[in-house]
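Only one structure is covered here, and it is reproduced in the block below.
We did not get these values from a lab; they are worked out from the coordinates using the rules stated. For clarity, every value in this text was computed on a predicted model and none was experimentally measured. So basically every Cβ, Gly included, is an ideal-geometry build from the backbone, and we count neighbours across all protein chains shown.
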Amino acid sequence: MTALNSRFEYVKGFERDDRCLPNSWIIVRVDGKSFSKFAEQHGFEKPNDKLGLELMTRAAVSVMEELRDICLAYGHSDEFSFVFRKDTSSYNRRSAKIMSNVNSLFAAAYVFYWEDIFGPTKLKYPPGFESVIVVYPSETNLKDYLSWRQAELQTKNLYNTLLWTLIKKGNKTETEAHEILRNSTQKSEILFREFGVNYYNEPDMFRKGTTLIRKLIPSKKDNKLRQYIIPLHCDLMGEEFWKENPEIVGLKSLQVCHRTIHTNIFVVNRPNNVCDKNDNDSNMRMETSH
Ligand code: ATP
Ligand code: MG
Ligand code: MG
């Protein structure tokens, strides 16, 4: 080391030790900055723009492809939460490194895949994302965190579904619709009685959000196991999801999935996510359809 170097090196001592508590789940939640405005400027359908949600999912898959210690991701609207295994040693568990890496990968992927998903609709300006990082030491804390995010989606989505039905089908102004909602405790009943809309028939993706998990699936060609990221639209509250997917909290190896999956799944470990066409079967599309 030169004398010049050592004269200035003391500044490194100003850096704080920000390592996350050991043996705990690390969660990074990314949320779009001012996405109410972004959604309006890009003509997103209200209350749920399907392509907007698909792009969020594609960006989240991209983060999981890169950061293999993420065992689950859950998202809706303009947010995605990424759960790292409790034993991750990624970046020596340094929180600023983990959070900034997730955030930048997500933002870059959102822009990178925009055209694939939105086609001719141009991106008008670079969207921003902000993140928080939280550490949860117990399994109950982790499950309650995800239940909390899903409960928030459910409350907001029912509200917004009725709001936009009142505006679009009930010819109310936005102010009138908010006023009606302010005084109503039976939103799904109003939807059904006045507009014939059964809230429980709305798409699962809108009502439950998107959960991404990893599974191993045997190839039909050579029976070799390959890792996939699978999007689910399922309930995270209650025990069923955790019983079906014990490896997420149990630190076991990935499970082999033998069920037929009627959804788009993402193959991991291929350059640029290009899939081997011979591997494809009729129920498994390797990339999102647009
Ligand atoms: P902040 O910067 O504080 O997060 P925000 O405007 O992003 O402010 P949020 O509470 O994060 O506010 O809510 C995101 C908003 O973005 C939603 O209320 C909705 O209007 C809009 N939005 C995001 N994604 C979609 C989508 N796929 N379809 C329709 N609207 C969306
Ligand atoms: Mg936001
Ligand atoms: Mg949000």
Residues located in segment 197-220, provided they are of a type in the set (D, E, K, R) and in a strand (DSSP E or B): Arg214, Lys215
Return yes when Lys122 is surrounded by fewer than 16 Cβ atoms within 10 Å (Cβ to Cβ) and in a helix (DSSP H, G or I) and no when it is not. no
Let me confirm something: among Ser77, Ser36, which residue is within 15 Å of ligand 2 (Cβ to nearest atom) and loosely packed, with under 12 Cβ neighbours inside 10 Å? Ser36
Among the numbered criteria (1) free of Cβ contacts under 8 Å to residues at least 60 places away in the same chain; (2) more than 16 Å from ligand 3 (Cβ to nearest atom), which single criterion is violated by Met99? (1)
Which is over 21 Å from Phe44 (Cβ atoms) and without any contact (Cβ under 8 Å) to a residue 12 or more places away in the chain, of Ser104, Ser131, Ser90? Ser104
Cβ contacts < 6 Å: first residue closer than 16 Å to Gly209 by Cα, restricted to segment 39-51; second residue among the β-branched types (Val, Ile, Thr) and in a helix (DSSP H, G or I), any location; separation 6+ or different chain. Result? Pro47/Thr161; Leu51/Ile117
Could you list, in sequence order, all residues of segment 6-38 that are closer than 30 Å to Thr161 by Cα and either in contact (Cβ under 8 Å) with a residue 24 or more places away in the chain or among the charged types (D, E, K, R) (or both)? Ile27, Val28, Arg29, Val30, Asp31, Gly32, Lys33, Ser34, Phe35, Lys37, Phe38
